[in-house]
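Engineer: What follows is a structure written as structure tokens; I'll ask about it next.
The values are calculated or read from the model by the stated rules, or taken from the named source; none is laboratory data. Just so it is clear, the structure is predicted and the values come from calculations on it, not from any experiment. Reconstructed Cβ throughout: ideal geometry from the backbone, glycine too, with neighbour counts over all protein chains shown.
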């Protein structure tokens, strides 16, 4: 998406360092994320791509020993600033995890969870509508519309993951972070999710961490390559995959290590 | 003698192993490690000795008695008289006989002593010879290709099996003794009176002289268990009112809010509460809490008995706190982190996450821990005996004294008691009903906990 021919930058991170205790996990990350595009973060295990993703909605706060330095600017606002309200931030930036983690509640309650805590629905009808649109957007509505009040944990793995995506979009976030959303799924469920991601980028900015380079190539417009806590190279997916500047990137993409 | 056999066992172990080494040194492959040959021999030493000893212990007295009484067999004594003579003989031989000593009995006593000494020495000889024979047999049997590992393993299995069998049989035995006494009790007291009677006054049964004939009508309105059941559940209820909120909240704090360091110290500290003997809680309740409540009540113009259900229940609640807090801490900690992450990522605060996600997910486990707490409360004895009084009032006033099943069992069984008396049997009936109640609670609790476990594995 372009506005006046200029790509809109949604998230702008400057000099981000992350420490786990004394160990530094991320070194001086500068990465801009374009609006309404899919950005893939790739790299070998332990390279810090998930850590960076978790910086974007301050999920690293949950980990006691984790410290984040640097600026992450979303909508002209530094989320690492003390005045940042984490609850509002996470309302705007949803997240989907590696393993499907539906709450042990009904499908309906799983979706209505976010809107309820953010007071987004004034009436039962409104809530019904939110649940329906979220499930439709997540391409799950047809499969579950007759059993909304059955437990969400009873769905298949792929359905559970789409339920989690529906849950994330129920609060209409501007950005959706996905942490290896397909790594626990079979190829068919993966294909469904990928299709869904493509659909979702119309309304949301998506950042996806993935181990599968094929997946990164399929779904993303931009790619960032992480290695040992550093952002080695980033740019359009086409360029990274066809014509990488850095030798490490090339080695990784051609499968020479990782 | 016993020590000697043990020594013999060790020696045979040593010999067995040595023979195995000798076989090994002649370049033959053994079928088992040398130790097994040693164990094999030691078992061959111990088992025959054990069998002979037990057979001897069973049959020796009978045989001796037969031999002694054979002297009197054709003099026309009755069985009872013969028994008496035998007892006199035994007493005399121990030098404890105080009655008139007849020459007959003196002769028998001498015979008894000589028989005993013959028996002792023959026992020693027989046991030793059998041990030596069996060890020698086993020793000869050992060769490079004889099987020693399997018999040894089988023996160990048999020993372990016997141990577990003993535990199970004891339980079954206890249950059966409860059942039979309870049935006897209900032969005298109708079940209906016991379950629905509202008057519990077992002291009435003290009045009866045991030589009098049993008259069931005398006990009508004596063993009505309603007041003590009510008291039991009432005190348990008070205890849970204290234990559930405090235990649960401290469990949630420990699992969700406390830093690693606080948790490291706080959890063992709370668990120390569980290690305090209930007697200590008991006198804490009786001597500190009870009078304190009475004073407060009096200053407010309430009539509070020094031994009140409130004091007992409250202290009992404190006793149960560690169970609930530590169990609910465990179940909350075992709720997967991914659920927490999911909730936080939706922008939920910590308390929202706990209330809406973690608590419902952990609820079955928490219910299980509460039920276990309740069954502790119902089975608790010492605190109630010391702090809540022994009068079985049927009341719902927490400031009055009430009594519980366990306390009544204590009252009934302290001091002299006669078997076959309805008063004593009442204790068994109470014990039986208590057992049934806690059994049901435990079964329900364990099932709930199990169901919860399945969910996340």
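Engineer: Just to be sure I understand, how many residues within segment B:21-50 are surrounded by 15 or more Cβ atoms within 10 Å (Cβ to Cβ) and within 38 Å of the chain's Cα centre (by Cα)?
Structural biologist: Total satisfying the criteria: 13.
Engineer: Scan segment A:216-236 for residues that are surrounded by fewer than 22 Cβ atoms within 10 Å (Cβ to Cβ) and part of a helix (DSSP H, G or I) and report the count.
Structural biologist: The number of residues fulfilling the criteria is 2.
Engineer: So which of B:403, B:334 is touching a helix residue (DSSP H, G or I) at 6+ places or on another chain (Cβ under 9 Å) and either more than 30 Å from residue B:257 (Cα to Cα) or away from chain A (no Cβ under 14 Å) (or both)? Walk me through how you get there before you give the answer.
Structural biologist: Details: B:334 fails: either more than 30 Å from residue B:257 (Cα to Cα) or away from chain A (no Cβ under 14 Å) (or both).
On inspection, the qualifying residue turns out to be B:403.
Engineer: A further question follows. What helices (runs of 4 or more DSSP H), lying completely within segment B:263-359, carry at least 3 residues that are under 22 Å from residue B:243 (Cβ atoms) and assigned by TED's automatic domain parsing to the domain that holds residue B:391?
Structural biologist: Values: elements: B:278-283, B:290-299, B:309-333, B:337-345, B:350-353.
The helices (runs of 4 or more DSSP H) meeting that bar are B:278-283, B:290-299, B:309-333.
Engineer: For residue B:413, indicate whether it is at pLDDT 85 or above, surrounded by fewer than 21 Cβ atoms within 10 Å (Cβ to Cβ), within 24 Å of the chain's Cα centre (by Cα) and farther than 13 Å from residue B:200 by Cβ. Before you say what the answer is, go through the steps one by one.
Structural biologist: Details: at pLDDT 85 or above: no; surrounded by fewer than 21 Cβ atoms within 10 Å (Cβ to Cβ): yes; within 24 Å of the chain's Cα centre (by Cα): yes; farther than 13 Å from residue B:200 by Cβ: yes.
When the stated conditions are applied, residue B:413 does not pass them.
Engineer: For segment B:235-270, how many residues meet the condition of being more than 14 Å from every other protein chain (Cβ to nearest Cβ), closer than 25 Å to residue B:350 by Cβ and surrounded by 12 or more Cβ atoms within 10 Å (Cβ to Cβ)?
Structural biologist: So the answer is 16.
Engineer: Being free of Cβ contacts under 8 Å to residues at least 12 places away in the same chain and not in a helix (DSSP H, G or I), is that true of even one residue in segment B:147-162?
Structural biologist: The answer is no, given that none of the residues of segment B:147-162 is free of Cβ contacts under 8 Å to residues at least 12 places away in the same chain and not in a helix (DSSP H, G or I).
Engineer: Please go through segment B:127-159 and pick out each residue that is exposed (fewer than 13 other Cβ atoms within 10 Å of the Cβ) and under 30 Å from residue B:68 (Cα atoms).
Structural biologist: B:129
Every residue, every condition in (1) touching a residue at least 12 places away in the same chain (Cβ under 8 Å); (2) under 13 Å from the mean Cα position of the chain (by Cα), yes or no:
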{"site": "A:140", "(1), (2)": "yes, no"}
{"site": "A:157", "(1), (2)": "yes, no"}
{"site": "A:165", "(1), (2)": "yes, yes"}
{"site": "A:169", "(1), (2)": "yes, yes"}
{"site": "A:177", "(1), (2)": "yes, yes"}
{"site": "A:183", "(1), (2)": "yes, no"}
{"site": "A:187", "(1), (2)": "no, no"}
{"site": "A:190", "(1), (2)": "yes, no"}
{"site": "A:193", "(1), (2)": "yes, yes"}
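Engineer: Same structure, new question: Kindly list the number of the only condition in (1) under 30 Å from residue A:160 (Cα atoms); (2) without any contact (Cβ under 8 Å) to a residue 40 or more places away in the chain that fails for residue B:332.
Structural biologist: The number of the failed condition is (2).
Engineer: Using the structure shown, decide if residue A:181 is touching a helix residue (DSSP H, G or I) at 6+ places or on another chain (Cβ under 9 Å), over 18 Å from residue B:338 (Cβ atoms) and within 14 Å of another protein chain (Cβ to nearest Cβ). Walk me through it before giving the result.
Structural biologist: Details: touching a helix residue (DSSP H, G or I) at 6+ places or on another chain (Cβ under 9 Å): yes; over 18 Å from residue B:338 (Cβ atoms): no; within 14 Å of another protein chain (Cβ to nearest Cβ): yes.
No: the conditions fail for residue A:181.
A quick yes/no check of all residues on (1) assigned to a helix (DSSP H, G or I); (2) out of contact with any strand residue (DSSP E or B) (no Cβ under 6 Å at 6 or more places or on another chain); (3) more than 21 Å from residue A:104 (Cα to Cα):
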{"position": "A:153", "(1), (2), (3)": "yes, yes, no"}
{"position": "A:160", "(1), (2), (3)": "yes, yes, no"}
{"position": "A:163", "(1), (2), (3)": "yes, yes, no"}
{"position": "A:168", "(1), (2), (3)": "yes, no, no"}
{"position": "A:177", "(1), (2), (3)": "no, no, yes"}
{"position": "A:191", "(1), (2), (3)": "yes, yes, yes"}
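Engineer: How many residues, within segment A:118-138, are in contact (Cβ under 8 Å) with a residue 24 or more places away in the chain and either touching a strand residue (DSSP E or B) at 6+ places or on another chain (Cβ under 7 Å) or assigned to a helix (DSSP H, G or I) (or both)? Give the derivation first.
Structural biologist: Start the filter on segment A:118-138 by keeping residues that are in contact (Cβ under 8 Å) with a residue 24 or more places away in the chain, which leaves A:118, A:120, A:130-131, A:134-135, A:137-138.
Those still in the list that are either touching a strand residue (DSSP E or B) at 6+ places or on another chain (Cβ under 7 Å) or assigned to a helix (DSSP H, G or I) (or both) too: A:130-131, A:134-135, A:137.
Here the count works out to 5.
Engineer: Okay, moving on. Give the residue that is surrounded by the most Cβ atoms within 10 Å (Cβ to Cβ), with candidates limited to residues of segment A:59-84 that are within 13 Å of another protein chain (Cβ to nearest Cβ), touching a strand residue (DSSP E or B) at 6+ places or on another chain (Cβ under 8 Å) and more than 14 Å from residue A:173 (Cβ to Cβ).
Structural biologist: The residue in question is A:60.
Engineer: Residue check: is residue B:105 in a helix (DSSP H, G or I), within 30 Å of residue B:64 (Cα to Cα) and either modelled with pLDDT under 80 or in contact with a strand residue (DSSP E or B) (Cβ under 7 Å, 6 or more places away or on another chain) (or both)?
Structural biologist: Working: in a helix (DSSP H, G or I): yes; within 30 Å of residue B:64 (Cα to Cα): yes; either modelled with pLDDT under 80 or in contact with a strand residue (DSSP E or B) (Cβ under 7 Å, 6 or more places away or on another chain) (or both): yes.
Taking the combined requirement at face value, the residue satisfies it.
Engineer: Separate question: Please determine whether any residue of segment B:373-380 is surrounded by fewer than 20 Cβ atoms within 10 Å (Cβ to Cβ), in contact (Cβ under 8 Å) with a residue 12 or more places away in the chain and under 17 Å from residue A:116 (Cα atoms).
Structural biologist: For segment B:373-380, residues surrounded by fewer than 20 Cβ atoms within 10 Å (Cβ to Cβ), in contact (Cβ under 8 Å) with a residue 12 or more places away in the chain and under 17 Å from residue A:116 (Cα atoms): absent.
Engineer: What single numbered condition from (1) buried (at least 22 other Cβ atoms within 10 Å of the Cβ); (2) modelled with pLDDT of 85 or more fails to hold for residue B:223?
Structural biologist: (2)
Engineer: Would you point out the residue of segment A:85-127, among those that are more than 8 Å from chain B (Cβ to nearest Cβ) and surrounded by fewer than 15 Cβ atoms within 10 Å (Cβ to Cβ), that is nearest to the chain's Cα centre (by Cα)?
Structural biologist: A:85
Engineer: So is residue B:121 modelled with pLDDT of 80 or more, surrounded by 12 or more Cβ atoms within 10 Å (Cβ to Cβ) and at negative phi or not? Before the answer, list the steps.
Structural biologist: Numbers: modelled with pLDDT of 80 or more: yes; surrounded by 12 or more Cβ atoms within 10 Å (Cβ to Cβ): no; at negative phi: yes.
Judged against the criteria, residue B:121 is not a match.
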